[in-house]
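Let me begin by presenting the structure, written as structure tokens, before commenting on it.
The values are calculated or read from the model by the stated rules, or taken from the named source; none is laboratory data. Note that the structure is predicted; figures quoted are calculated from it, not measured. For neighbour counting, all protein chains shown are included, and Cβ atoms are generated from backbone atoms with ideal geometry for every residue, glycine included.
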Amino acid sequence: MLKNQTIAVIGAGHMAGAMIGGMVRSKLLPPKSIVATRRSQEALEELRKKWGIRVSTDNKKAVAEADIIILAVKPQMAKKVLEDLAGLLSKDQLVISVMAGITTAAINKGLRVDCPVVRAMPNTPCLVDAGATAVCAGAHACAKDLAKAEAVFGAVGLVVKLPESALDAVTGLSGSGPVYVYMVIEAMIDGGVKMGIPRSIAAKLAAQTVYGAAKLVLETGKHPALLKDDVTTPGGTAITAIHVLESKGLRSVLIDGVEAATKRSMELSRLFAE
Ligand SMILES: NC(=O)c1ccc[n+]([C@@H]2O[C@H](COP(=O)([O-])OP(=O)(O)OC[C@H]3O[C@@H](n4cnc5c(N)ncnc54)[C@H](OP(=O)(O)O)[C@@H]3O)[C@@H](O)[C@H]2O)c1
């Protein structure tokens, strides 16, 4: 689907670097069909050497030749970058944005063109091809545009389609979610250390337990409550721990965390729109 396309990646930092790696490794398109931009010449040179892509410090030049433009600068840089590119894109060019909290309407307005825009909310596990990304179509994007974005993010993990109204909640769940899981892993490690396991071994056991449990949820398709019940022996260790975790509000606190992050994402979107 993307074989004959040219992609300009504007803001080739961490997230964009993961996407470039995914596209090149999965042979989604030839490396020379990708041009990446950022201000640091040194960092661009590293990207060129690592992936064989073309690089540039000139955003305007990069978008001029591209069929697809990936916007991946930090949200606070978005206004400036959109201003610089305003009036330069045509209605045939597809824009894919990973910039948190910036709506497709704001991107069309900033670029001053009714081009198709697909907004995405990926997460950092994209760096290890285990990302979780939600994509949504802006007013001028069609199913074919969404499919192209799905191909890009599919190269670095799981992709789901949702309406744009759900993107703040996605930010609260999977966008910010790795942080909650790091805290869970860290706490489990401390628990292991407290009970006498060396830290380095506790770290491996805790991380692999989270990874394995997530893999079981995904691969069996079973509800997590059923998987939990499967391993809860009457009078055993798991049910004893479950009672403690329930009484301390583990599930409520995680639900509250997703809710709070979603609300903060909404606030930040409003700030950009002002
Ligand atoms: N990291 C995540 O988990 C995550 C998750 C979901 C969404 N996102 C979104 O992804 C975007 C990037 O995040 P990140 O973590 O990858 O940040 P990052 O590593 O800082 O990448 C942003 C890049 O933009 C470049 N840049 C800044 N100004 C520029 C300009 N005028 N023209 C071209 N490039 C420019 C910077 O490089 P120079 O300084 O060399 O220019 C930097 O490498 C953000 O909008 C964020 O909301 C990130």
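Here Gly131 passes the criteria (1) more than 27 Å from Lys27 (Cβ to Cβ); (2) in contact with a strand residue (DSSP E or B) (Cβ under 9 Å, 6 or more places away or on another chain); (3) touching a residue at least 60 places away in the same chain (Cβ under 8 Å) except the one numbered (1).
Taking the criterion of being of a type outside the set (Val, Ile, Thr) and touching an Asp or Glu at 6+ places or on another chain (Cβ under 6 Å), would at least one residue in the stretch 8-24 satisfy it? There is no residue in the stretch 8-24 that is of a type outside the set (Val, Ile, Thr) and touching an Asp or Glu at 6+ places or on another chain (Cβ under 6 Å). A count restricted to the stretch 104-123 and to residues that are assigned to a strand (DSSP E or B) and either without any contact (Cβ under 8 Å) to a residue 12 or more places away in the chain or of a type in the set (A, V, I, L, M) (or both) stands at 4.
Scanning the stretch 116-133 for residues that are surrounded by fewer than 20 Cβ atoms within 10 Å (Cβ to Cβ) and more than 8 Å from the ligand (Cβ to nearest atom), we see that the one that is nearest to Tyr180 (Cα to Cα) is Pro125.
When the stretch 38-76 is filtered for residues that are modelled with pLDDT under 95 and either within 11 Å of the ligand (Cβ to nearest atom) or within 23 Å of the chain's Cα centre (by Cα) (or both), the ones remaining, listed by number, are Lys74, Pro75, Gln76.
Residue-wise test of (1) in a helix (DSSP H, G or I); (2) surrounded by 13 or more Cβ atoms within 10 Å (Cβ to Cβ); (3) at pLDDT 95 or above.
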residue: Ala214; (1), (2), (3): yes, yes, yes
residue: Leu226; (1), (2), (3): yes, no, yes
residue: Thr233; (1), (2), (3): no, no, yes
residue: His243; (1), (2), (3): yes, no, yes
residue: Val253; (1), (2), (3): yes, no, yes
residue: Thr262; (1), (2), (3): yes, yes, yes
residue: Met266; (1), (2), (3): yes, yes, no
residue: Arg270; (1), (2), (3): yes, no, no
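Of all residues in the stretch 77-103, which are more than 14 Å from the ligand (Cβ to nearest atom) and outside any loop (DSSP other than H, G, I, E, B)? Selection gives Leu94 alone. Looking at Cys126, Cys136, which is the one that is part of a helix (DSSP H, G or I) and in the same structural domain as Ala12 (by TED's automatic domain parsing)? None of the other options fit; the residue is Cys126.
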